[in-house]
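Trainee: Following this message is one structure expressed as structure tokens.
The values are calculated or read from the model by the stated rules, or taken from the named source; none is laboratory data. Being a predicted model, the structure only gives us computed values, none of them experimental. Here Cβ is always computed from backbone atoms with ideal geometry, including for glycine, and neighbour counts include all displayed protein chains. Keep in mind that these areas ignore ligands, DNA and RNA; they rest on the heavy atoms of the full protein, side chains included. Shrake-Rupley method; radii C 1.70, N 1.55, O 1.52, S 1.80 Å.
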Amino acid sequence: MKSLSISWGDITSLKVDAIVNAANPTLLGGGGVDGAIHRAAGPKLLEECRSLNGCAVGEAKITRGYELPATWVIHTVGPVWVGGTRSEESLLQSCYRRCFDLVVETNINSIAFPAISTGAYRYPLDRAATVAISEAQEFLKRNGSGDKNIVFVGFNSTSIEAYQTAAWEI
Ligand code: ADP
């Protein structure tokens, strides 16, 4: 079965195959969802992240989930929004595509995404939600008959509404 859903709450509590971390290029932890994931996964996550030598904007790297209910964490680095003039949209699309590449390579069936770049990196939520939903739909179309469940996690009512509007409009 294939599904795309929107869920409210803390991504670290989800029992899915993989959760996505909106990381920074060092992969050594930070605030927001990154901090929450590292706190919930425990120190071994940071240890594995240290061995990865960082991650470029628009790229993604995978680690184990350690103490998280999720088996895997896919760390991706979203673009900082600077008015839409620095290829932010294609970089954000690339984040989702690279995550889906790892989904295929690692045989992941269920994955949960936070709203990448929409916190400290200030990407406008409505635009980010449109990118997220359209990339997921593209992936589901491309992926044929495989079992894939994609969850978009909203941390507050504004992000939930942005996902709902984007899903409605696409
Ligand atoms: P970025 O630096 O990519 O903007 P942030 O972590 O600052 O990353 O924010 C990304 C999004 O994740 C924001 O919409 C924020 O509200 C949301 N967020 C923060 N903590 C959590 C959490 N525990 N679970 C799910 N989403 C979260």
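Trainee: Using only helices, what value at 222 nm comes out for the chain when you add -39,500 (n - 2.57) per DSSP H run of length 4 or more and divide by the total residues, to the nearest 500 deg cm²/dmol?
Mentor: -13000 deg cm²/dmol
Trainee: Tell me the net charge near THR130. Cut-off is 11 Å between Cβ atoms, THR130 excluded, with +1 for each Lys or Arg and -1 for each Asp or Glu.
Mentor: That sum, taken over residues with Cβ under 11 Å, equals -3.
Trainee: Round to a whole number: what % of the accessible area of the chain belongs to carbon and sulfur, probe 1.4 Å? Walk me through the numbers on the way to the answer.
Mentor: On the way: 4190 of 8240 Å².
With neighbouring chains kept in place, the figure for the chain is 51 percent.
Trainee: Report, as a whole number in µm² per second, the diffusion coefficient that Stokes-Einstein gives for the chain at 25 °C and 0.890 mPa s using the Kirkwood radius over alpha carbon pairs. Display every interim value, and only then the final one.
Mentor: Working: Rh = 15.7 Å.
The calculation lands on 157 µm²/s.
Trainee: Plugging the Kirkwood radius over Cα pairs into Stokes-Einstein for segment 44-102, at a temperature of 10 °C and a viscosity of 1.306 mPa s, what D comes out in µm²/s?
Mentor: 128 µm²/s
Trainee: What does the net charge come to around SER94 if you take all other residues with beta carbon closer than 12 Å to its beta carbon, with K and R at +1 and D and E at -1? Working shown, then result.
Mentor: Working: positive: ARG97, ARG98; negative: GLU59, GLU88, GLU89, ASP101, GLU135.
Net local charge, SER94 excluded: -3.
Trainee: A further question follows. Just to confirm, what accessible area per residue do you get for the chain at 1.4 Å probe, in whole Å²?
Mentor: Normalised by residue count, the accessible surface of the chain is 48 Å².
Trainee: Using only alpha carbon pairs under 8 Å that are at least six residues apart, calculate the relative contact order of the chain and give it in whole percent.
Mentor: Once normalised by length, the contact order is 31 percent.
Trainee: Return the lysines within reach of LYS61: Cα separation strictly under 19 angstrom, same-chain partners fewer than 8 residues apart disregarded; answer none if there are no such residues.
Mentor: LYS44
Trainee: Rounded to a whole number of µm²/s, how large is the Stokes-Einstein D of segment 102-168 at 10 °C and 1.306 mPa s, given Rh as the Kirkwood radius over C-alpha pairs?
Mentor: Estimated diffusion coefficient is 126 µm²/s.
Trainee: So what J values fall out for segment 51-63 if you push phi through Karplus, 6.51 cos²θ - 1.76 cosθ + 1.60 with θ = phi - 60°, rounded to Hz, Gly and Pro as x?
Mentor: Karplus values, whole Hz, x for Gly and Pro: 7, 8, 6, x, 8, 6, 4, x, 9, 8, 9, 10, 9.
Trainee: Output the peptides 62-70, 77-85, 93-101 sorted from most to least packed, where packing is the average of other Cβ atoms within 10 Å over each peptide's residues.
Mentor: Packing order, densest peptide first, comes out as 93-101, 62-70, 77-85.
Trainee: Which value in nm describes the separation of the simple spin-label points at SER13 and GLU105, placed 7 Å from the Cα toward the beta carbon?
Mentor: Each label point is offset 7 Å from its Cα along the Cβ direction, giving 3.2 nm.
Trainee: With Cβ to Cβ distances under 15 Å as the rule, what net charge do the other residues near LEU140 carry (K, R +1; D, E -1)?
Mentor: +1
Trainee: Could you work out the per residue convex hull volume over the alpha carbons of segment 9-60, in cubic angstrom?
Mentor: Values: hull volume 4.5 nm³, N = 52.
Convex hull of Cα atoms, per residue: 87 Å³.
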